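Taken together, the values in this text are just the output of simple stated rules run on the coordinates, not laboratory data. Being a predicted model, the structure only gives us computed values, none of them experimental. As a convention, Cβ positions derive from the backbone with ideal geometry for all residues, glycine included, and neighbour counts pool all protein chains shown.
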Amino acid sequence: MAKTRRPVSSRSTSLPSQSLALPADYDAFLRDLKERIRTAQLKAALAVNRELVLFYWQIGRDILTRQQQFGWGAQVIDRLAADLHHAFPSAQGFSPRNLKYMRAFAQAWPDAAFVQQLAAQIPWFHNCLLLDKVKDTVEREWYIRKTIENGWSRAILDHQIDSDLYRRQGKAVTNFSRTLPPPQSELAEQVLKDPYNFDFLTLAEDAREREVQKGLLAHIRLFLLELGAGFAFVGENVHLEVGGEDFYIDLLFYHLKLRAFIVIDVKIRPFQPEFAGKMNFYLSAVDDTLRHPEDEPSIGMVLCKAGNLIVAEYALRDIAKPVGVSSYVTRFVESLPKELQSSLPSIADLEAELKAVKVGDGTKARTKKHRSNRR
């Protein structure tokens with residue numbers, strides 16, 4: 001008589017009973033072990049990427065050498081890609097396009113030591129993006145260093161290049177060299193940009209300061225990305241009581257590298273000298289009421305429409321607190337007259353039309369109808 005097999009108990013694959021007595025240091029050990037595993041995985045991934053980029057550079061260098069010495073052309077590269085695919089059908093990365101990237105990569109960075117120390121520290125397709133979009137060697141190296149420093153994804157790197165971050169970084173008018181010690185002043189100079197690109201805001205031309213402020217907070221992730229690495233949001237309309245009177249800071253941040261509060265005052269007008277005095281007052285109040293003894297001096301940033309740089313320089317010259325002035329740009333929308341707004345199709349109308357157009361024969365019939373109407 002055949003024996004009936006017993007079903008496998010689900011307990012055999014489950015975690016040990018929670019009632020099991022564990023050593024007192026078990027949780028700490030587990031946390032430490034998880035962190036070590038994650039670190040090892042990251043190091044392994046970085047090592048693989050570094051070896052891959054160096055390998056691609058070597059291939060590109062060899063192709064470049066043969067092009068220079070023997071006149072290899074694009075057709076030879078196409079043939080090389082086909083032969084490599086035939087020899088290694090499951091391998092990726094040897095398409096004609098990628099082989100040409102390898103050649104361009106080796107041409108852009110002829111120094112193997114530089115590739116190993118910098119370019120190989122970022123993913124291969126980051127390097128391809130830089131080859132496509134950034135032609136100046138110094139600028140390209142700057143983006144590589146910033147990518148390593150900030151851990152930018154390819155999408156963020158693409159955004160930073162499109163927004164011309166290289167030319168905006170450290171361009172704000174400030175008095176940092178006079179009001180901050182050298183290491184702090186140099187870092188603070190690099191933190192501020194000019195102009196700030198707030199194109200993620202869609203505002204009317206006559207937007208009020210409060211609307212700009214609310215828009216920045218509504219897009220806080222993009223706002224923080226534009227501000228740069230190290231900014232931590234503290235609050236909006238932060239209340240300060242001075243001499244029995246109430247005052248409110250538009251936006252308050254803390255910068256993790258500068259170890260200082262960053263006070264931001266948003267203005268929809270070009271810079272005016274009185275803005276500097278108001279900011280100086282805010283910084284004094286923040287230093288007295290919010291600043292920790294170990295914090296560095298608080299820093300002020302006046303964000304306004306583009307103004308006269310000479311006026312800003314004069315206004316900051318005798319200000320005792322560190323203040324920077326930066327402009328910002330936004331995307332404005334033009335208000336349509338009401339008579340035109342009523343004539344525009346609604347979202348529901350557009351969706352209904354798109355659904356109708358997708359119906360096979362109906363698409364042709366509708367197209368003929370539209371043509372006859374045009375006539």
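Quick notes on this one:
- FRET efficiency estimate (nearest 0.05) - Cβ-Cβ, residue 292 to residue 37, R0 30 angstrom: 0.25
- Whichever aspartates and glutamates have a C-alpha closer than 17 Å to that of residue 267, once near sequence neighbours (fewer than 8 apart) are set aside: 194, 199, 205, 206, 209, 211, 236, 250
- Taking the Cα centre of region 78-156 as reference, the dipole from Cβ charges on Lys and Arg (+1) and Asp and Glu (-1) amounts to some 160 debye.
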